[in-house]
Amino acid sequence: MVDQVKICGIPYKVILKEDEFDTDAHFGQIDYVKSEIKINAALSNEMKEEALTHEILHGIFIHLGFNDESQNERFVQSLANAINQTFTLRKEV
């Protein structure tokens, strides 16, 4: 997991947090004021990557002025899944 990402040129600190999320529905959170992304530390590595992609997409949409798209969780999650599956490269054993 990375410690920082840039979203539209703005650095966001990535923080793994425990016992702060309802794992049935909430895997991460982006705070635009503090420039932080919190990810549930209890998730598997693959789920952490997907959650980070999801939160980055929220940030991209907000910074580009697509507020309605940013609020559409189904749209953001679908795009996060597609991007994560496309760019996740695994070495086959």
Please report 54, 26 as a ranked list, fewest other C-beta atoms within 10 angstrom at the top and most at the bottom.
-> 26, 54
Note down the magnitude of the dipole of the chain about its Cα centre, charges +1 on Lys and Arg C-beta and -1 on Asp and Glu C-beta and zero elsewhere, to the nearest 20 debye.
-> 380
Relative contact order computed over the chain (Cα-Cα under 8 Å; 6+ residues apart), in percent = 22
Between exposed trypsin sites (Lys or Arg not before Pro) in the chain, where DSSP calls loop and at most 14 other Cβ atoms lie within 10 Å, what's the longest gap?
-> 35-89
In terms of the charge dipole of the chain, which places +1 on Lys and Arg and -1 on Asp and Glu at the beta carbon, the residue among 63, 80, 16 farthest towards the positive end is 63
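Taking the Cβ of residue 61 as the center, what net charge do the other residues with Cβ under 13 Å away carry, scoring Lys and Arg +1 and Asp and Glu -1? Could you put the intermediate results ahead of the total?
On the way: positive: none; negative: 55, 68, 69, 73.
Local charge sum for residue 61: -4.
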Per the helix-only calculation at 222 nm, which mean residue ellipticity applies to the chain, given -39500 (n - 2.57) for every DSSP H run of n ≥ 4 and division by its residues, nearest 500 deg cm²/dmol?
-> -13500 deg cm²/dmol
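Length gain on complete extension for the stretch residue 34 to residue 77, per 0.36 nm per residue less the alpha carbon to alpha carbon distance?
13.2 nm
Each value in this text was obtained by applying a stated rule to the coordinates, not by laboratory testing. Everything numeric in this text was worked out from a predicted model, so none of it was measured. Note that each Cβ is placed from the backbone with ideal geometry, even for glycine, and that neighbours are counted across all protein chains shown.
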